[in-house]
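Novice: Pasting in a structure now, in structure tokens, and then I'll have a few things to ask.
Computed from the coordinates by the stated procedures, all read-outs in this text should not be read as laboratory data. Just so it is clear, the model here is predicted, and its values are computed rather than measured. When we count neighbours, we look across all protein chains shown, and the Cβ atoms used for this are built from the backbone with ideal geometry, even at glycine.
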Amino acid sequence: MAEVLVYVDHVDGAVRKPTLELLTLARRIGDPVAVFLGAGADSAAAVLGEHGATRVLAVDAPEFADYLVVPKVEALQAACEAVSPAAVLVPSSAEGKEIAARLAVRIQSGLITDAVDLEAGPEGPVATQAVFAASYTTTSRVSSGTPVITVKPNSAPVEAAAAAGAVETLTVSFTDAARGTKVTSRTPRESTGRPELTEAAIVVSGGRGVNGAENFAVIEKLADSLGAAVGASRAAVDAGWYPHSSQVGQTGKSVSPQLYIASGISGAIQHRA
């Protein structure tokens, strides 16, 4: 079977759930080859191999931490040149979609974003998307070049499928463009112990009708009882009732849970969809 590149989203070597979902989808259309950028490939290889990665192309370089997304794009481009994949799968995070778009331009290929399902087709992978505020379901495929597809979290189950997961070194030569925007500082986000908002299977959001920051304790209590993430509407975060990092909607984060509970929210289309 043809090989399918899967971009590994990780935190200090700990593989995040959306990547494991991508490996499940990748097995439907070919043999998954994970692309691991940064430190920790050896420890992550076992997890990736347990979920179907036949190989792990790894490269660690200071550029990944010191600069923005372009070094990651150039590494994925190098992986495409080394493997000639049937498709490239990337998690549908804000950063993931920027990486995917830049990669598609560089390798002169079509791009599909926010897919919710993926199947093999006679002319290449066929992606399913929920569009126009989930009013329609569409199926589409890339007709030119290597398909680059981003997939929403919680779109596929995490399924174990033992494979070799052998680590191989990927050689990348970074251009001057990769060093164009430098990261000058980082501030760690305080952990709440709840699931990451963009990956959570259950989200409980509060809005203007919660009527004050002190009442978000009710939202948090419900979320904790369900093992859910906490979200907030724009009105709530603009009022200072909850952090902007938890904002859900058109001007906030895109979420794709299996259950969404909107409390005291007006019913704007992005929350109902």
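Novice: Show me the ranking of peptides 53-60, 223-230, 169-176 by mean Cβ neighbours inside 10 Å, starting with the highest.
Specialist: Values: 53-60: 22.5, 223-230: 18.0, 169-176: 12.4.
Sorting 53-60, 223-230, 169-176 by mean packing, highest first, produces 53-60, 223-230, 169-176.
Novice: Is it possible to state the helix-based mean residue ellipticity at 222 nm for the chain, with each DSSP H run of 4+ residues giving -39500 (n - 2.57), the sum divided by total residues, to the nearest 500 deg cm²/dmol? What is it? Let's see the in-between values first.
Specialist: Working: 8 runs with 74 residues, N = 273.
Rounded to the nearest 500, it is -7500 deg cm²/dmol.
Novice: Please report the orientation-averaged projected area of the stretch 124-273, defined via the convex hull of its C-alpha atoms, in nm². Before the final figure, lay out each step's value.
Specialist: Numbers: hull surface 55.1 nm².
Mean shadow area of the hull around the Cα atoms is 13.8 nm².
Novice: Starting with the highest mean, order 237-248, 136-147 by the number of other Cβ atoms within 10 Å, averaged over the residues of each peptide. Write out the running numbers ahead of the final one.
Specialist: Values: 237-248: 17.9, 136-147: 14.7.
Ranking, from highest mean packing down: 237-248, 136-147.
Novice: Mind pulling the angle between the C-alpha long axis of helix 70-83 and the longest principal axis of the chain? Nearest 10 degrees, somewhere in 0 to 90.
Specialist: Roughly 40 degrees, rounded to the nearest 10.
Novice: Mind listing P(r) for the stretch 70-212? All alpha-carbon pairs, 10 Å bins, whole percents.
Specialist: 9, 29, 34, 22, 5, 1
Novice: Follow-up question, since we're still on this one. Starting from the Cα-Cα distance between Thr138 and Thr171, subtract it from 0.36 nm times their residue separation and give me the gain in nm to one decimal. Can you show the working numbers first?
Specialist: Values: separation 33, 0.36 × 33 = 11.88 nm, distance 3.78 nm.
Fully extending the segment from Thr138 to Thr171 adds 8.1 nm.
Novice: Whole-Hz ³J(HN,Hα) for each residue in the stretch 178-194, computed from phi via Karplus 6.51 cos²θ - 1.76 cosθ + 1.60 with θ = phi - 60°, x for glycine and proline: what do you get?
Specialist: Karplus-based 3J(HN,Hα) across the stretch 178-194 equals 5, 10, x, 10, 9, 7, 9, 7, 9, 10, x, 7, 5, 7, 9, x, 8 Hz.
Novice: Of the candidates Gly249, Gly38, Gly209, which one comes out as most mobile in a Gaussian network treatment of the chain with C-alpha springs shorter than 10 Å?
Specialist: Evaluated over the chain, the most mobile residue of the options is Gly209.
Novice: Name the residues whose placed amide hydrogens come within less than 5 Å of the amide hydrogen of Gly38, ignoring near sequence neighbours (fewer than 5 apart) on the same chain.
Specialist: Val59, Asp60, Ala61
Novice: Could you check the spin-label model distance between Lys182 and Ala120? Points 7 Å from the Cα along Cα→Cβ, value in nm.
Specialist: 4.8 nm
Novice: While we're on this one: Please work out whether the stretch 180-269 counts as rounded, prolate or oblate from its C-alpha gyration tensor, where a ≥ b ≥ c are the square roots of the eigenvalues and a/c under 1.5 means rounded, while otherwise a/b larger than b/c means prolate and anything else oblate? Could the numbers behind the result be given before it?
Specialist: Details: a/c = 1.60, a/b = 1.43, b/c = 1.12.
Note, shape of the stretch 180-269 comes out prolate.
Novice: Also: Starting from the eigenvalues of the Cα gyration tensor, five times each then square-rooted, give me the equivalent ellipsoid semi-axes of the chain, largest first, whole Å.
Specialist: On the way: eigenvalues 219, 91, 64 Å².
With the √(5λ) rule applied to the chain, the semi-axes are 33, 21, 18 Å.
Novice: Compute the Cα gyration tensor for the stretch 31-108, then decide on rounded, prolate or oblate, letting a ≥ b ≥ c be the square roots of its eigenvalues: rounded whenever a/c is under 1.5, prolate when a/b is larger than b/c in the other cases, and oblate in all that remain.
Specialist: Oblate, because a/c is 1.5 or more while a/b does not exceed b/c.
Novice: Another question, then. With everything on Cα atoms, drop me the angle between helix 41-50 and the longest principal axis of the chain, reported from 0 to 90° to the nearest 10.
Specialist: 80 degrees
Novice: Grab the eigenvalues of the alpha-carbon gyration tensor for the stretch 123-169, scale each by 5, take roots, and send me the semi-axes largest first in whole angstrom.
Specialist: On the way: eigenvalues 148, 61, 18 Å².
For the stretch 123-169, the ellipsoid semi-axes come out as 27, 17, 9 Å.
Novice: Please compare each pair in Lys182/Lys253; Lys152/Lys221; Lys17/Lys221; Lys17/Lys152 to a cut-off of 22 Å on the Cα-Cα distance and tell me which ones are over it. Before the final figure, lay out the partial values.
Specialist: Details: Lys182/Lys253 24 Å; Lys152/Lys221 27 Å; Lys17/Lys221 24 Å; Lys17/Lys152 11 Å.
Checking Cα-Cα distances, Lys182/Lys253; Lys152/Lys221; Lys17/Lys221 exceed 22 Å.
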